[in-house]
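Encoded as structure tokens, the structure appears first; notes follow it.
No lab work stands behind these numbers, since they all come straight from the coordinates. Computed from a predicted model, the values in this text were never measured in an experiment.
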Amino acid sequence: MDAKCKSLTEVREYIDKIDEEIVRLLADRGRLIDQVVDFQPKGTDHDSAQRVLDVIEHVRSCAKEEGLNPQIAEKVYRSVINAFRIEQLLKEIPEYKDLKKSYY
């Protein structure tokens with residue numbers, strides 16, 4: 001966003017709109033992650049270490065292009081990856097169903 005806001009209220013409104021878009025995109029990402037399971041054999045590690053490194057490298061590169069500190073992008077994405085990893089475990093492993101209640 002290149003526009004200069006004229007008030008704190010306007011800044012907050014733009015931030016809220018960005019947050020709404022981030023949540024929508026996270027939901028889209030989650031639905032795609034659910035599809036990953038369909039393409040991998042049962043019991044396969046859905047979050048291979050190499051894939052995580054590839055994602056982190058990609059988002060760090062994107063961050064640099066957008067003028068964002070790559071460390072911020074990496075920290076955010078490591079949190080996103082871990083949250084979705086836990087969500088997948090909670091869905092796939094029956095023994096973790098009770099854990100889900102305490103996780104959320």
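Remark on Cys5: its backbone amide H falls under 5 Å from none of the residues 5 or more positions apart or on other chains, H modelled at 1.01 Å from N.
Between Asn82 and Glu20, 0.36 nm times their residue separation minus their Cα-Cα distance comes to what?
Numbers: separation 62, 0.36 × 62 = 22.32 nm, distance 2.11 nm.
Separation in residues times 0.36 nm, less the Cα-Cα distance, equals 20.2 nm.
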